[in-house]
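Here's the structure, in structure tokens; my notes come after.
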Amino acid sequence: MAFEGLADRLQSTIKKITGKGKVSEQDVKEMTREVRLALLEADVNFKVVKDLINRIKERAVGQEVMESLTPGQQVIKVVKEELTALMGGEQSKIAVSDRPPTVIMMVGLQGAGKTTTTGKLANLLRKKHNRSPLLVACDVYRPAAIKQLETLGVQLDMPVFSLGTEVSPVDIAKQAIERAKEEHHDYVIIDTAGRLHVDTNLMDELQQIKSTVNPDEIFLVVDSMTGQDAVNVAESFNEQLDISGVILTKLDGDTRGGAALSIKAVTGKPIKFAGMGEKLDQLEAFHPERMASRILG
Ligand code: GDP
């Protein structure tokens, strides 16, 4: 299960303090030391941990705790609130353009789960929001990627716009939006090319698509299992493309949690959705508070 190590450690740390009728500065010090170690072990970014611990310390020895009748529980509440805030606080909404179609660009490295997530997102938009998306195959470098999206289209009974591998991705995206207008699709989801590493060619192409189609959302798909790498990838994509949000995949695996807990703080961009499995209905809105509760038990 995701966050297992982190959850175990935090929960046992918390247990020690929960029932306390009095919480001393020493108690808070010990608790934050444990929380700090647990977070570092879960591969949370070093600077993120430092800032978080400082905030927890400041609040945990402050008035709201000391004057409370149940200081132990109050400290836990502080930890939970700070973890929630770290992950973005509120659940983020998906954009709706007042001039349809709403255009979503999906970006990310190969293997992160971009194509699968494109299908999942389309499925969610249709099921939960009653929308009619058009999927667009812009990875012209890998015929297999186009085929994969087309297969998803068949599974979902949803149209996929593709012009093969000979037309430029920018033109494909442009024409797809025209098609969406003609056929009254209210969302266009563009599956762009992925590479094994962040490189200039990829970024140039993504920037060109971005400036041509002017997307309402740019979702970066990252694999939560890759920890700090996911955070670094998010930082570079954000610098180059000014993404609007992140979709974390494979949260059903045994990720240690570093990516989920660092991405918002490092990039300033919210995690909007979480992939919870390979199936097309396994995409969930990301709720920071629920995630914090899950981690703290
Ligand atoms: P892309 O190269 O980024 O387009 O990645 P794919 O969409 O082809 O996905 C790569 C692999 O990750 C596939 O085997 C997917 O089934 C798998 N995958 C994607 N999202 C998830 C997820 O949320 N959970 C799990 N367990 N597997 C996922």
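Key figures
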read-out	value
Whichever residue in the stretch 172-207 is free of Cβ contacts under 8 Å to residues at least 24 places away in the same chain and surrounded by fewer than 13 Cβ atoms within 10 Å (Cβ to Cβ) and, among such residues, is farthest from the ligand (Cβ to nearest atom)	Glu182
Tally, over the stretch 230-259, of residues that are over 12 Å from the mean Cα position of the chain (by Cα), farther than 20 Å from Phe46 by Cβ and not aromatic (Phe, Trp, Tyr)	6
Residue match in the stretch 260-269 (condition: within 16 Å of the chain's Cα centre (by Cα) and within 14 Å of the ligand (Cβ to nearest atom))	yes
Residues satisfying the stated conditions in the stretch 121-147, i.e. buried (at least 19 other Cβ atoms within 10 Å of the Cβ), within 16 Å of the ligand (Cβ to nearest atom) and in contact (Cβ under 8 Å) with a residue 24 or more places away in the chain	Leu121, Ala122, Asn123, Leu124, Leu135, Val136, Ala137, Cys138, Asp139, Val140, Ala145
Checklist (1) buried (at least 17 other Cβ atoms within 10 Å of the Cβ); (2) of a type in the set (Lys, Arg); (3) within 30 Å of Ala122 (Cα to Cα) applied to Arg59, failing item	(3)
Selection from the stretch 1-35 of residues that are under 17 Å from Gly257 (Cα atoms) and surrounded by 12 or more Cβ atoms within 10 Å (Cβ to Cβ)	Ala2, Phe3, Glu4, Gly5, Leu6, Ala7, Asp8, Arg9, Leu10, Gln11, Glu34, Val35
Qualifying residue in the stretch 86-93 (condition: crowded, with 22+ Cβ neighbours inside 10 Å and in contact with a strand residue (DSSP E or B) (Cβ under 6 Å, 6 or more places away or on another chain))	no
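All of the numbers you see were taken from the coordinates with simple rules; none came from a lab. The model shown is predicted, which means the values in this text are computed figures rather than measured ones. Cβ: placed from backbone, ideal geometry, glycine included. Neighbour counts: every protein chain shown.
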